[in-house]
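To start, the structure under review is shown below, and the notes come after it.
The values are calculated or read from the model by the stated rules, or taken from the named source; none is laboratory data. Only a predicted model underlies this, so the values are computations on that prediction, with no experimental measurement involved. Neighbour counts run over all protein chains shown; Cβ positions are idealised from the backbone, glycine included.
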Amino acid sequence: MARFGRWYGSGPLHLLVLIASFALTGYAMVRLFAVRPWEVAIWFVGAAVLHDLILLPLYSLADLSALSVLRHRAADASGRPTVRWINHLRVPAFLAGLLLLVWFPLILRLAEPYPGDTGLSYDVYLGRWLAITGVLFAASAVAFAWRLRRVRRRGDHEGRPPVGHGTAL
């Protein structure tokens, strides 16, 4: 087993899950291409271009900006324990962005057939997306405050990043 781990880089369960996900993806692709080959091909090319050329640089810049702006505020010179905070910002931002990406035609009122199909007007989607985004950030803030309180109560430096890891606050 150790030899397999050295050769593959992870355990056999990881390999099994990876093979199963590729098989499921392949099955879905075969089914989709059989029905609408041009639409699927255009969607894949558009998604790759949109993600790799536009979205990836934008959210990388946003992440680096958040790190550089908030890094100095997070440094605690008093020696009190701190908690790594960046993932408490990244996770709700990612989930809110993913919801916006999936539902943007309805949120931005760009989809014609949906109000008739769903029975809902366009007015509900923006408000619901904003509410979900607010709940995601609020839950993340509560989780961060809970972790910070727990670490400071114990008085240890478990949450403090190791020396030399300046970006992991």
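Yes or no, residue by residue, for (1) touching a Lys or Arg at 6+ places or on another chain (Cβ under 6 Å); (2) over 30 Å from Ile86 (Cα atoms); (3) surrounded by fewer than 10 Cβ atoms within 10 Å (Cβ to Cβ):
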residue: Phe4; (1), (2), (3): no, yes, no
residue: Ala23; (1), (2), (3): no, yes, no
residue: Val30; (1), (2), (3): no, yes, yes
residue: Val40; (1), (2), (3): no, yes, no
residue: Tyr59; (1), (2), (3): no, no, no
residue: Ala62; (1), (2), (3): no, no, no
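Among the residues of the range 6-21, just one is of a type in the set (Phe, Trp, Tyr) and either surrounded by 11 or more Cβ atoms within 10 Å (Cβ to Cβ) or touching a Leu at 6+ places or on another chain (Cβ under 6 Å) (or both), namely Tyr8.
Considering the range 124-144 alone, what residues qualify as being closer than 15 Å to Ile107 by Cα and either surrounded by fewer than 12 Cβ atoms within 10 Å (Cβ to Cβ) or at pLDDT below 90 (or both)? Matches in the range 124-144: Val124, Tyr125, Gly127, Ala131. Here the condition is being of a type outside the set (D, E, K, R), out of contact with any Cys (no Cβ under 9 Å at 6 or more places or on another chain), modelled with pLDDT of 75 or more and part of a loop (DSSP other than H, G, I, E, B); of Leu110, Leu99, it holds for Leu110 alone. Restricting the range 145-160 to residues that are among the small types (Gly, Ala, Ser) and within 25 Å of the chain's Cα centre (by Cα), which is modelled with the highest pLDDT? Residue satisfying both the conditions and the ranking: Ala145. The single condition among (1) assigned to a loop (DSSP other than H, G, I, E, B); (2) modelled with pLDDT of 85 or more; (3) of a type in the set (Gly, Ala, Ser) that Ser121 does not satisfy is (2).
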